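The values are calculated or read from the model by the stated rules, or taken from the named source; none is laboratory data. Every value quoted in this text rests on a predicted model; they were computed, and no experiment measured them. Don't worry about glycine lacking a Cβ; one is built from the backbone with ideal geometry, like all the others, and counts go over all protein chains shown.
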């Protein structure tokens with residue numbers, strides 16, 4: 001991934017495994033409702049700790065790419081999976097990719113829409129599975145607040161015009177939750193979501209969270225969108 005902001009494997013692990021239930025929901029929805037639309041081989045863009053591939057794509061050939069090197073926080077690879085340390089835009093393959101899987105990593109590769117669509121066109125997957133926040137609830141309020149108070153935040157946003165050359169054929173909406181033991185901890189998780197540096201405005205964010213929430217937790221809406229290439 002060509003990141004505007006980088007996140008470490010430890011941050012991914014803490015958010016996904018300790019404070020947010022989104023990936024467990026995504027894994028179950030893939031198994032129950034969209035598995036028939038995910039064909040092998042799969043390219044998992046920004047695979048993070050590899051939990052989705054491990055649980056949801058165990059029977060498929062999967063290449064997981066990430067700019068972070070492997071770490072002790074990662075799930076082990078199945079024999080038919082491989083993990084590469086490579087930027088998405090530098091990834092090259094002579095093999096056909098059937099499914100491009102992008103789960104909560106679009107914000108890292110969306111600087112240049114034309115370049116992004118060109119790369120997808122080059123890879124030419126039959127399917128694109130995109131998991132993204134709806135941003136029409138408290139997450140949307142957080143985006144507005146961070147836009148006002150931080151320079152260059154990089155939250156996940158809807159990208160009009162992506163993916164080009166594909167038709168949306170199925171959507172699976174769901175809600176996930178972030179639950180923390182304190183507002184201080186919740187502020188750290190918000191910094192992960194918004195990709196902001198809390199060095200100077202940590203207390204301001206904590207105060208905002210306390211003004212809007214009774215407890216250090218909130219739910220937020222997401223969608224698994226499945227796109228099919230034109231003409232397929």
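The condition of being under 15 Å from the mean Cα position of the chain (by Cα) and assigned to a helix (DSSP H, G or I) holds for only one of 139, 128, that being 139.
Screening the candidates 204, 176 for the property of being in contact (Cβ under 8 Å) with a residue 40 or more places away in the chain, over 16 Å from the mean Cα position of the chain (by Cα) and either in a helix (DSSP H, G or I) or surrounded by 13 or more Cβ atoms within 10 Å (Cβ to Cβ) (or both) yields one hit, 204.
Is it true that some residue in segment 83-90 is more than 20 Å from residue 124 (Cα to Cα), surrounded by 15 or more Cβ atoms within 10 Å (Cβ to Cβ) and modelled with pLDDT of 95 or more? Give the derivation first.
The initial filter retains those residues of segment 83-90 that are more than 20 Å from residue 124 (Cα to Cα), namely 83, 85.
Pick out the ones that are also surrounded by 15 or more Cβ atoms within 10 Å (Cβ to Cβ) and you get 83.
Filter again for modelled with pLDDT of 95 or more, leaving 83.
Yes, there is a match, as at least one residue in segment 83-90 is more than 20 Å from residue 124 (Cα to Cα), surrounded by 15 or more Cβ atoms within 10 Å (Cβ to Cβ) and modelled with pLDDT of 95 or more.
When the residues of segment 24-46 are filtered to those that are without any contact (Cβ under 8 Å) to a residue 60 or more places away in the chain and in a helix (DSSP H, G or I), the one that is farthest from residue 109 (Cα to Cα) is 32.
Is one or more of the residues making up segment 142-165 at pLDDT 95 or above, in a strand (DSSP E or B) and within 30 Å of residue 91 (Cα to Cα)? No: zero hits. Within segment 82-98, being more than 20 Å from residue 70 (Cβ to Cβ) and touching a residue at least 24 places away in the same chain (Cβ under 8 Å) holds for 89, 95, 96, 97, 98. Take residue 25 and tell me if it is touching a strand residue (DSSP E or B) at 6+ places or on another chain (Cβ under 8 Å), surrounded by fewer than 21 Cβ atoms within 10 Å (Cβ to Cβ) and under 20 Å from residue 133 (Cα atoms). Yes. In segment 50-74, the residue that is surrounded by the fewest Cβ atoms within 10 Å (Cβ to Cβ) out of those that are at pLDDT 95 or above and part of a loop (DSSP other than H, G, I, E, B) is 59. For segment 99-119, filtered to residues that are free of Cβ contacts under 8 Å to residues at least 60 places away in the same chain and in a loop (DSSP other than H, G, I, E, B), the residue that is surrounded by the most Cβ atoms within 10 Å (Cβ to Cβ) is 110. Within the option set 222, 228, being within 27 Å of residue 40 (Cα to Cα) and either without any contact (Cβ under 8 Å) to a residue 40 or more places away in the chain or crowded, with 17+ Cβ neighbours inside 10 Å (or both) holds for one residue only, 222.
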